[in-house]
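Presented below is the structure to which this report refers.
The values are calculated or read from the model by the stated rules, or taken from the named source; none is laboratory data. Note that this is a predicted model, so its numbers are computed, not measured. Heads up, the Cβs are rebuilt from the backbone with ideal geometry, glycines too, and the neighbour counts pull from every protein chain shown. The protein model used for the area step is the full one, side chains on, heavy atoms only, and it has no ligands, DNA or RNA in it. Shrake-Rupley method; radii C 1.70, N 1.55, O 1.52, S 1.80 Å.
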Amino acid sequence: MVKTSFKIGNVEFKNRVFVASGTFGYGDEARELFDATKIGGIFTKSLTLKPRKGNPPPRIVETASGLINSIGLANIGVEKFISEKLPLLKQSEVVIIANIAGGTIDEYCKVLEKLESANGITAYEINISCPNVKEGGLNFGTDLKATAEITKIVRRLTSKPIILKLTPNVTRVSEFAKVAESEGADAVSLINTLVGMAVNVKTRKPKISTVTGGLSGPAIKPVALAKVYEVVNAVKIPVFGIGGIANTNDALEFLIVGAKAVQIGTANFINPNISVSIANGIEKFCLDNGIADVGMIVGTLDTTGNESVLKSWL
Ligand SMILES: Cc1cc2nc3c(=O)[nH]c(=O)nc-3n(C[C@H](O)[C@H](O)[C@H](O)COP(=O)(O)O)c2cc1C
(Lines give C-alpha, C1' and ligand atoms only; values in the text may rest on other atoms or scores of the structure.)
Protein backbone atom coordinates (compact mmCIF):
# COMPACT_ATOMS: atom_id res chain seq x y z
CA MET A 1 0.00 0.00 0.00
CA VAL A 2 1.26 3.43 -0.95
CA LYS A 3 0.27 6.41 1.19
CA THR A 4 -1.31 8.92 -1.18
CA SER A 5 -3.07 11.27 1.25
CA PHE A 6 -1.72 14.61 2.43
CA LYS A 7 -2.85 17.60 4.49
CA ILE A 8 -3.38 21.28 3.81
CA GLY A 9 -4.07 23.14 7.04
CA ASN A 10 -6.34 20.82 9.01
CA VAL A 11 -7.83 19.05 5.98
CA GLU A 12 -6.70 15.67 4.73
CA PHE A 13 -7.06 14.99 0.99
CA LYS A 14 -7.21 11.50 -0.51
CA ASN A 15 -4.44 12.12 -3.00
CA ARG A 16 -2.42 14.85 -4.68
CA VAL A 17 -4.27 15.16 -7.99
CA PHE A 18 -7.03 17.75 -8.50
CA VAL A 19 -8.87 19.27 -11.46
CA ALA A 20 -8.13 22.95 -12.06
CA SER A 21 -10.67 25.74 -11.95
CA GLY A 22 -12.57 26.52 -15.14
CA THR A 23 -11.75 23.28 -16.87
CA PHE A 24 -14.38 21.13 -15.17
CA GLY A 25 -17.38 23.38 -14.68
CA TYR A 26 -18.84 22.75 -11.26
CA GLY A 27 -17.93 19.09 -11.23
CA ASP A 28 -21.44 17.99 -12.16
CA GLU A 29 -21.38 17.74 -15.98
CA ALA A 30 -18.74 15.02 -15.93
CA ARG A 31 -20.42 12.82 -13.34
CA GLU A 32 -20.93 10.05 -15.85
CA LEU A 33 -17.47 10.38 -17.38
CA PHE A 34 -15.32 9.93 -14.33
CA ASP A 35 -15.38 9.19 -10.62
CA ALA A 36 -14.28 12.38 -8.88
CA THR A 37 -14.10 10.62 -5.53
CA LYS A 38 -10.90 8.98 -6.87
CA ILE A 39 -9.01 12.30 -6.92
CA GLY A 40 -8.07 14.82 -4.25
CA GLY A 41 -10.86 17.19 -5.28
CA ILE A 42 -12.35 19.59 -7.78
CA PHE A 43 -11.57 23.29 -7.96
CA THR A 44 -14.80 24.87 -9.22
CA LYS A 45 -15.10 27.39 -12.01
CA SER A 46 -14.51 30.84 -10.51
CA LEU A 47 -17.62 31.99 -8.67
CA THR A 48 -18.65 35.63 -8.52
CA LEU A 49 -21.44 37.32 -6.58
CA LYS A 50 -23.71 37.84 -9.60
CA PRO A 51 -23.98 35.52 -12.61
CA ARG A 52 -21.66 36.52 -15.49
CA LYS A 53 -22.13 35.94 -19.21
CA GLY A 54 -18.41 36.32 -19.84
CA ASN A 55 -16.76 37.64 -22.99
CA PRO A 56 -18.28 37.48 -26.51
CA PRO A 57 -17.21 34.64 -28.86
CA PRO A 58 -14.81 33.56 -30.24
CA ARG A 59 -13.34 32.98 -26.82
CA ILE A 60 -11.25 29.85 -27.27
CA VAL A 61 -8.58 29.12 -29.89
CA GLU A 62 -6.24 26.18 -30.28
CA THR A 63 -2.54 26.90 -30.88
CA ALA A 64 0.33 24.52 -31.65
CA SER A 65 0.66 23.22 -28.10
CA GLY A 66 -1.95 24.93 -26.02
CA LEU A 67 -5.21 26.83 -25.81
CA ILE A 68 -5.84 30.54 -25.62
CA ASN A 69 -9.05 31.29 -23.76
CA SER A 70 -10.91 34.41 -22.95
CA ILE A 71 -13.94 33.07 -21.17
CA GLY A 72 -14.15 36.14 -18.95
CA LEU A 73 -15.22 34.32 -15.79
CA ALA A 74 -18.61 33.25 -17.18
CA ASN A 75 -20.41 31.58 -14.28
CA ILE A 76 -23.84 31.05 -12.78
CA GLY A 77 -23.13 33.15 -9.70
CA VAL A 78 -22.63 31.95 -6.16
CA GLU A 79 -26.31 31.70 -5.19
CA LYS A 80 -27.29 29.45 -8.09
CA PHE A 81 -24.17 27.36 -7.42
CA ILE A 82 -25.31 26.85 -3.85
CA SER A 83 -28.92 26.05 -4.69
CA GLU A 84 -28.45 23.98 -7.87
CA LYS A 85 -24.97 22.45 -7.96
CA LEU A 86 -23.81 21.99 -4.39
CA PRO A 87 -26.60 19.60 -3.29
CA LEU A 88 -25.72 17.16 -6.08
CA LEU A 89 -22.02 17.40 -5.35
CA LYS A 90 -22.57 16.74 -1.66
CA GLN A 91 -24.53 13.59 -2.53
CA SER A 92 -21.65 12.23 -4.58
CA GLU A 93 -19.11 12.98 -1.83
CA VAL A 94 -16.79 14.83 -4.18
CA VAL A 95 -14.34 17.12 -2.40
CA ILE A 96 -15.09 20.66 -3.51
CA ILE A 97 -12.70 23.57 -3.36
CA ALA A 98 -14.59 26.70 -4.34
CA ASN A 99 -12.67 29.13 -6.52
CA ILE A 100 -13.68 32.73 -5.85
CA ALA A 101 -13.24 35.81 -8.06
CA GLY A 102 -14.46 39.37 -7.82
CA GLY A 103 -14.03 42.99 -8.77
CA THR A 104 -13.66 44.31 -5.24
CA ILE A 105 -12.42 42.84 -1.96
CA ASP A 106 -15.97 43.19 -0.70
CA GLU A 107 -17.22 40.94 -3.52
CA TYR A 108 -14.67 38.22 -2.66
CA CYS A 109 -15.81 38.41 0.98
CA LYS A 110 -19.52 38.22 0.15
CA VAL A 111 -19.00 35.16 -2.09
CA LEU A 112 -16.93 33.46 0.59
CA GLU A 113 -19.46 34.23 3.33
CA LYS A 114 -22.32 32.79 1.27
CA LEU A 115 -20.34 29.61 0.58
CA GLU A 116 -19.31 29.36 4.21
CA SER A 117 -22.92 29.42 5.39
CA ALA A 118 -23.96 26.89 2.73
CA ASN A 119 -21.83 24.00 4.04
CA GLY A 120 -20.19 21.38 1.86
CA ILE A 121 -17.11 23.33 0.73
CA THR A 122 -13.78 21.92 1.89
CA ALA A 123 -11.46 24.85 1.08
CA TYR A 124 -11.31 28.09 -0.88
CA GLU A 125 -9.08 29.08 -3.77
CA ILE A 126 -8.88 32.84 -4.19
CA ASN A 127 -8.39 33.71 -7.86
CA ILE A 128 -6.39 36.93 -8.03
CA SER A 129 -5.00 36.02 -11.41
CA CYS A 130 -7.54 35.95 -14.26
CA PRO A 131 -6.05 37.82 -17.23
CA ASN A 132 -9.28 38.03 -19.25
CA VAL A 133 -11.41 40.55 -17.42
CA LYS A 134 -10.59 43.91 -15.92
CA GLU A 135 -12.26 42.91 -12.69
CA GLY A 136 -10.93 39.35 -12.75
CA GLY A 137 -8.64 39.82 -9.83
CA LEU A 138 -5.50 40.52 -11.86
CA ASN A 139 -5.41 43.97 -10.25
CA PHE A 140 -5.01 42.18 -6.92
CA GLY A 141 -2.70 39.53 -8.32
CA THR A 142 -0.15 41.96 -9.74
CA ASP A 143 -0.07 44.31 -6.75
CA LEU A 144 1.69 43.15 -3.60
CA LYS A 145 -0.29 45.43 -1.27
CA ALA A 146 -3.62 44.31 -2.71
CA THR A 147 -2.54 40.65 -2.48
CA ALA A 148 -1.70 41.21 1.19
CA GLU A 149 -4.98 42.96 1.90
CA ILE A 150 -7.21 40.41 0.24
CA THR A 151 -5.44 37.49 1.92
CA LYS A 152 -5.66 39.10 5.34
CA ILE A 153 -9.38 39.84 4.98
CA VAL A 154 -10.53 36.47 3.60
CA ARG A 155 -8.38 34.71 6.20
CA ARG A 156 -10.51 36.20 8.96
CA LEU A 157 -13.73 34.89 7.42
CA THR A 158 -13.07 31.16 7.63
CA SER A 159 -11.11 28.47 9.43
CA LYS A 160 -11.04 26.37 6.25
CA PRO A 161 -7.88 26.30 4.11
CA ILE A 162 -7.30 29.39 1.97
CA ILE A 163 -5.33 28.87 -1.25
CA LEU A 164 -4.19 31.92 -3.20
CA LYS A 165 -4.06 31.35 -6.96
CA LEU A 166 -1.17 33.31 -8.41
CA THR A 167 -0.50 34.72 -11.87
CA PRO A 168 2.73 34.13 -13.78
CA ASN A 169 2.25 37.55 -15.43
CA VAL A 170 4.52 39.32 -12.91
CA THR A 171 8.30 39.59 -12.62
CA ARG A 172 8.73 37.65 -9.38
CA VAL A 173 5.86 35.40 -8.44
CA SER A 174 7.73 34.40 -5.25
CA GLU A 175 7.17 37.90 -3.82
CA PHE A 176 3.42 37.34 -4.11
CA ALA A 177 3.64 33.90 -2.55
CA LYS A 178 5.61 35.33 0.38
CA VAL A 179 2.97 37.99 0.98
CA ALA A 180 0.18 35.40 0.84
CA GLU A 181 2.07 33.23 3.33
CA SER A 182 2.72 36.08 5.74
CA GLU A 183 -0.96 37.08 5.74
CA GLY A 184 -2.13 33.59 6.64
CA ALA A 185 -2.76 31.69 3.40
CA ASP A 186 -2.52 27.92 3.90
CA ALA A 187 -1.26 27.29 0.37
CA VAL A 188 -0.69 28.91 -3.02
CA SER A 189 -1.51 27.54 -6.45
CA LEU A 190 0.29 28.44 -9.66
CA ILE A 191 0.26 29.08 -12.46
CA ASN A 192 -2.85 30.63 -13.94
CA THR A 193 -2.66 31.27 -17.69
CA LEU A 194 0.00 33.37 -19.41
CA VAL A 195 -1.13 36.27 -21.58
CA GLY A 196 -1.04 35.14 -25.23
CA MET A 197 -2.52 35.91 -28.63
CA ALA A 198 -3.11 34.41 -32.07
CA VAL A 199 -3.83 36.12 -35.40
CA ASN A 200 -5.73 35.06 -38.53
CA VAL A 201 -3.47 36.17 -41.39
CA LYS A 202 -6.27 36.23 -43.98
CA THR A 203 -8.56 38.55 -42.07
CA ARG A 204 -5.72 40.08 -40.05
CA LYS A 205 -7.99 39.82 -37.06
CA PRO A 206 -7.17 38.44 -33.65
CA LYS A 207 -8.48 34.90 -33.26
CA ILE A 208 -10.31 35.69 -30.05
CA SER A 209 -12.68 38.53 -29.29
CA THR A 210 -10.61 40.20 -26.60
CA VAL A 211 -7.40 40.26 -28.75
CA THR A 212 -5.28 38.68 -26.01
CA GLY A 213 -6.28 35.80 -23.75
CA GLY A 214 -4.85 33.22 -21.39
CA LEU A 215 -2.47 30.59 -22.75
CA SER A 216 -2.65 27.13 -21.15
CA GLY A 217 -1.69 23.54 -21.95
CA PRO A 218 1.62 21.80 -22.78
CA ALA A 219 3.12 25.07 -24.10
CA ILE A 220 3.23 26.52 -20.59
CA LYS A 221 4.59 23.54 -18.65
CA PRO A 222 8.26 24.60 -18.65
CA VAL A 223 7.30 28.10 -17.47
CA ALA A 224 5.02 26.66 -14.79
CA LEU A 225 7.75 24.33 -13.51
CA ALA A 226 10.20 27.23 -13.19
CA LYS A 227 7.63 29.36 -11.35
CA VAL A 228 6.81 26.51 -8.96
CA TYR A 229 10.55 25.98 -8.40
CA GLU A 230 10.92 29.68 -7.60
CA VAL A 231 8.02 29.64 -5.14
CA VAL A 232 8.83 26.40 -3.30
CA ASN A 233 12.23 27.86 -2.57
CA ALA A 234 10.69 31.02 -1.13
CA VAL A 235 7.84 29.82 1.12
CA LYS A 236 7.05 27.02 3.58
CA ILE A 237 3.35 26.68 2.79
CA PRO A 238 2.29 23.99 0.29
CA VAL A 239 2.26 24.76 -3.42
CA PHE A 240 -0.24 23.36 -5.93
CA GLY A 241 1.56 23.02 -9.29
CA ILE A 242 -0.53 23.80 -12.37
CA GLY A 243 0.37 24.18 -16.04
CA GLY A 244 0.31 21.82 -18.97
CA ILE A 245 0.10 18.60 -16.99
CA ALA A 246 -1.14 15.94 -19.41
CA ASN A 247 0.20 12.66 -18.01
CA THR A 248 1.74 11.00 -14.95
CA ASN A 249 5.26 11.98 -15.91
CA ASP A 250 4.32 15.67 -16.10
CA ALA A 251 2.71 15.46 -12.65
CA LEU A 252 5.79 13.74 -11.20
CA GLU A 253 8.00 16.54 -12.53
CA PHE A 254 5.98 19.08 -10.52
CA LEU A 255 6.13 16.92 -7.36
CA ILE A 256 9.89 16.43 -7.74
CA VAL A 257 10.36 20.19 -8.14
CA GLY A 258 8.48 20.65 -4.86
CA ALA A 259 4.75 21.00 -5.51
CA LYS A 260 2.79 19.20 -2.77
CA ALA A 261 -0.04 18.51 -5.20
CA VAL A 262 -1.05 19.19 -8.80
CA GLN A 263 -4.06 20.48 -10.68
CA ILE A 264 -4.95 19.32 -14.18
CA GLY A 265 -6.53 21.87 -16.54
CA THR A 266 -6.52 21.86 -20.34
CA ALA A 267 -5.82 18.10 -20.53
CA ASN A 268 -9.38 17.50 -19.22
CA PHE A 269 -10.74 18.72 -22.55
CA ILE A 270 -8.93 15.87 -24.32
CA ASN A 271 -9.67 13.18 -21.74
CA PRO A 272 -12.11 13.95 -18.91
CA ASN A 273 -10.78 10.94 -16.99
CA ILE A 274 -7.14 12.05 -17.15
CA SER A 275 -6.89 13.15 -13.51
CA VAL A 276 -7.95 9.69 -12.27
CA SER A 277 -5.38 8.08 -14.62
CA ILE A 278 -2.68 10.41 -13.31
CA ALA A 279 -3.59 9.68 -9.66
CA ASN A 280 -3.36 5.94 -10.43
CA GLY A 281 -0.15 6.49 -12.40
CA ILE A 282 1.55 8.24 -9.48
CA GLU A 283 0.58 5.40 -7.15
CA LYS A 284 1.93 2.83 -9.62
CA PHE A 285 5.19 4.78 -9.98
CA CYS A 286 5.59 4.59 -6.19
CA LEU A 287 4.78 0.87 -6.07
CA ASP A 288 7.22 0.12 -8.91
CA ASN A 289 9.97 2.10 -7.22
CA GLY A 290 9.43 0.92 -3.64
CA ILE A 291 8.26 4.36 -2.46
CA ALA A 292 5.93 4.06 0.55
CA ASP A 293 4.47 7.57 0.53
CA VAL A 294 3.93 9.91 -2.46
CA GLY A 295 5.15 12.70 -0.16
CA MET A 296 8.64 11.16 -0.34
CA ILE A 297 8.85 12.35 -3.97
CA VAL A 298 8.01 15.96 -3.16
CA GLY A 299 10.96 18.33 -3.43
CA THR A 300 13.51 15.68 -4.34
CA LEU A 301 14.96 17.61 -7.30
CA ASP A 302 18.68 16.96 -7.46
CA THR A 303 20.46 20.17 -8.41
CA THR A 304 23.91 18.98 -7.33
CA GLY A 305 26.39 20.50 -9.74
CA ASN A 306 23.77 22.86 -11.19
CA GLU A 307 23.66 26.58 -10.55
CA SER A 308 20.22 28.26 -10.40
CA VAL A 309 19.88 31.84 -11.55
CA LEU A 310 16.51 32.04 -9.82
CA LYS A 311 18.09 31.33 -6.43
CA SER A 312 19.87 34.68 -6.46
CA TRP A 313 16.45 36.38 -6.39
CA LEU A 314 15.24 34.61 -3.29
C1 LIG B 1 -11.10 27.33 -20.61
C2 LIG B 1 -10.39 27.70 -19.33
C3 LIG B 1 -11.09 28.37 -18.33
C4 LIG B 1 -10.45 28.71 -17.13
N5 LIG B 1 -11.16 29.34 -16.14
C6 LIG B 1 -10.56 29.62 -14.94
C7 LIG B 1 -11.31 30.19 -13.87
O8 LIG B 1 -12.52 30.44 -13.96
N9 LIG B 1 -10.65 30.46 -12.71
C10 LIG B 1 -9.31 30.17 -12.53
O11 LIG B 1 -8.77 30.43 -11.44
N12 LIG B 1 -8.58 29.60 -13.53
C13 LIG B 1 -9.17 29.32 -14.72
N14 LIG B 1 -8.45 28.73 -15.73
C15 LIG B 1 -7.00 28.46 -15.53
C16 LIG B 1 -6.73 27.00 -15.14
O17 LIG B 1 -7.34 26.68 -13.91
C18 LIG B 1 -5.21 26.73 -15.06
O19 LIG B 1 -4.65 27.56 -14.07
C20 LIG B 1 -4.51 26.98 -16.39
O21 LIG B 1 -5.30 26.58 -17.48
C22 LIG B 1 -3.14 26.29 -16.48
O23 LIG B 1 -3.26 24.89 -16.39
P24 LIG B 1 -3.31 23.91 -17.67
O25 LIG B 1 -2.17 24.27 -18.55
O26 LIG B 1 -3.25 22.53 -17.10
O27 LIG B 1 -4.63 24.20 -18.34
C28 LIG B 1 -9.07 28.39 -16.94
C29 LIG B 1 -8.38 27.72 -17.97
C30 LIG B 1 -9.02 27.38 -19.15
C31 LIG B 1 -8.24 26.65 -20.22
Of all strands (runs of 3 or more DSSP E) fully inside the stretch 122-204, the set with 2 or more residues that are over 15 Å from the mean Cα position of the chain (by Cα) is 194-196
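For the stretch 257-269, enumerate the residues that are within 11 Å of the ligand (Cβ to nearest atom) and among the β-branched types (Val, Ile, Thr).
Those that are within 11 Å of the ligand (Cβ to nearest atom) and among the β-branched types (Val, Ile, Thr): 262, 264, 266.
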Residues of the stretch 229-256 being part of a helix (DSSP H, G or I) and within 12 Å of the ligand (Cβ to nearest atom), in sequence order, are 250, 251, 254
Condition set within 11 Å of residue 43 (Cβ to Cβ) and not small (Gly, Ala, Ser), scope the stretch 92-113, selection nearest to the chain's Cα centre (by Cα): answer is 99
Of the candidates 312, 275, the one satisfying the condition of being open to solvent by less than 20 Å² (accessible area, probe 1.4 Å), part of a helix (DSSP H, G or I) and either modelled with pLDDT of 95 or more or more than 16 Å from the ligand (Cβ to nearest atom) (or both) is 275
For this session: Tell me, yes or no, whether the stretch 90-101 has at least one residue that is closer than 20 Å to residue 183 by Cβ and of a type in the set (Gly, Ala, Ser).
Result: yes
Sole miss for residue 215 among (1) more than 14 Å from the ligand (Cβ to nearest atom); (2) among the aliphatic types (A, V, I, L, M); (3) touching a residue at least 12 places away in the same chain (Cβ under 8 Å) is condition (1)
Condition test on residue 259, is it open to solvent by less than 30 Å² (accessible area, probe 1.4 Å), outside any helix (DSSP H, G or I), of a type in the set (A, V, I, L, M) and under 24 Å from residue 178 (Cα atoms)? yes
Listed by range, strands (runs of 3 or more DSSP E) wholly within the stretch 5-86 having at least 1 residues that are within 14 Å of the ligand (Cβ to nearest atom) are 17-19, 41-43, 60-63, 66-69
